[in-house]
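All of the numbers you see were taken from the coordinates with simple rules; none came from a lab. Just so we're clear, the structure is a prediction, and the values are computed from it rather than from any experiment. For neighbour counting, all protein chains shown are included, and Cβ atoms are generated from backbone atoms with ideal geometry for every residue, glycine included.
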Amino acid sequence: MELKPTPRARPKVLSLTDAAADRVRHIMAGKPDVAGLKIGIKKGGCAGMEYTISWAESIAKFDEVVEEKGVKVIIDPAAVLYLLGTEMDWKVDKLSAQFVFNNPNQKSSCGCGESVNLVPADKGNLEQQAGA
């Protein structure tokens, strides 16, 4: 009898707060022809990188799909190592309403909050998250 290797636990790329899931669900209700909300990163801003949010009409072969609290969020494959362990939240204050990323891989941000300095997830932290 051949033994199959046990798959290793994978760290969670992204989690959503209840507020973020409610907001995604609300805006997805008006977009029945999209596959989900897509999160990525791009170079830019004074701190070096910016989060991107767009609508995905389909799920690409290497996209990471997070289904949580009744919503589907698609992670661009180039962003996975930068987003591992991130919590996505929806914040409303007197002057703005926006998605906020609580990212353990963020080392700093610019003063206006539009860009961040991200580093790939640390291997030791990945192993610890996978075991949790």
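Things to note:
- Extended-chain gain in nm, criterion 0.36 nm per residue less alpha-carbon gap, LYS94 and ASP18: 25.3 nm
- In this label model, ASP33 and GLU67 are separated by 2.4 nm, measuring between points 7 Å along each Cα→Cβ vector.
- Neighbour-count ranking [beta-carbon atoms within 10 angstrom, fewest first] of THR17, THR86: THR17, THR86
- Distance between the modelled labels on ALA78 and LYS43, one decimal in nanometres: 1.0 nm (7 Å Cα→Cβ projection).
- Candidate cross-link partners of LYS69 among the lysines, defined by an alpha-carbon separation under 24 Å and a same-chain spacing of 8 or more, comprise LYS12, LYS31, LYS38, LYS61, LYS91.
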